[in-house]
Amino acid sequence: QVRLVESGGGLVQAGGSLRLSCAASGRTLGGYDMGWFRQAPGKERELVAHISWDGGRTKYADSVKGQFTISRDNSKTPVYLQMNLLKPEDTAVYYCAAQTGSTWNLMRDYGYWGQGTQVTVSS
């Protein structure tokens, strides 16, 4: 069984940066495409970034293009989300997840999830 653990969240001022990390226990993440999601209270969870199993291809939500960067080590674990130029509207719980289904942008096709890490951006 794959267990995911996010870290790196916290409080940051608008315009600042954070780097989130997602590590695996139990099994390597090397064979999985990975995604970062975020969810604010009362709002829908949304996919913000995706990376292929080998790190060669990335995708981003339009809202974070040019602002966030997803990457992974040569070992393919851990997976990172570099967040720059943060805005208050980026405040959310951020989750990493491993894609276990066929559709990269369908939340239910991610079968393994972390517990989430809170990112709060103050103005």
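The values are calculated or read from the model by the stated rules, or taken from the named source; none is laboratory data. Computed from a prediction, not measured in an experiment: that's the story for all the values here. Quick reminder, even Gly has a Cβ in these numbers, built from the backbone with ideal geometry, and neighbours come from all protein chains shown. Protein only, heavy atoms only, side chains kept; ligands, DNA and RNA dropped before computing areas. Shrake-Rupley method; radii C 1.70, N 1.55, O 1.52, S 1.80 Å.
Some notes on this structure:
- Calculated FRET efficiency, Gln82 to Gln1, Cβ-Cβ distance, R0 = 22 Å: about 0.20 to the nearest 0.05.
- On full extension, the segment bounded by Lys43 and Arg19 gains 6.3 nm, given 0.36 nm per residue less the C-alpha separation.
- Counting only protein heavy atoms and a probe of 1.4 Å, the accessible surface of the range 38-87 is 46% carbon and sulfur.
- Under the criterion of Cα pairs below 8 Å and six or more residues apart, the relative contact order for the chain equals 34 percent.
- Short-range pairs are left out: with C-alpha atoms under 8 Å and at least six residues apart, the relative contact order of the range 58-119 is 25 percent.
- Residues of the chain: accessible area per residue with a 1.4 Å probe, Å²: 52 Å²
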